[in-house]
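Contents: one structure, followed by commentary.
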Amino acid sequence: MLSPGLVNDRWQVLIPKLREVWPKLTDPDFRQVDGNLELLVTKVSDRYGIKRPELLQQVTRLLAA
């Protein structure tokens with residue numbers, strides 16, 4: 001399972017990757033999320049209609065890259 005703390009710890013490294021994968025996320029979105037996994041999932045789900053399990057898999061892959 002993906003640890004919310006892991007996302008928070010690697011947030012600054014993740015932002016460029018997240019921008020590539022989900023370009024509809026804006027700078028204010030990234031500032032608001034600020035490493036919060038649940039908020040990231042909510043934002044991406046709202047913008048792209050992707051379900052939570054798929055989003056968590058995608059974020060896990062991004063963390064591994």
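Just so you know, all these numbers are worked out from the coordinates, no wet-lab data involved. Quantities reported herein were computed from a predicted structural model and do not represent experimental measurements.
Using helices alone, what [θ] at 222 nm do you get for the chain, with -39,500 (n - 2.57) per DSSP H run of 4 or more residues, divided over all residues and rounded to the nearest 500? Using -39500 (n - 2.57) per qualifying helix, the result is -22000 deg cm²/dmol. On full extension, the segment bounded by Gln12 and Gln32 gains 5.9 nm, given 0.36 nm per residue less the C-alpha separation.
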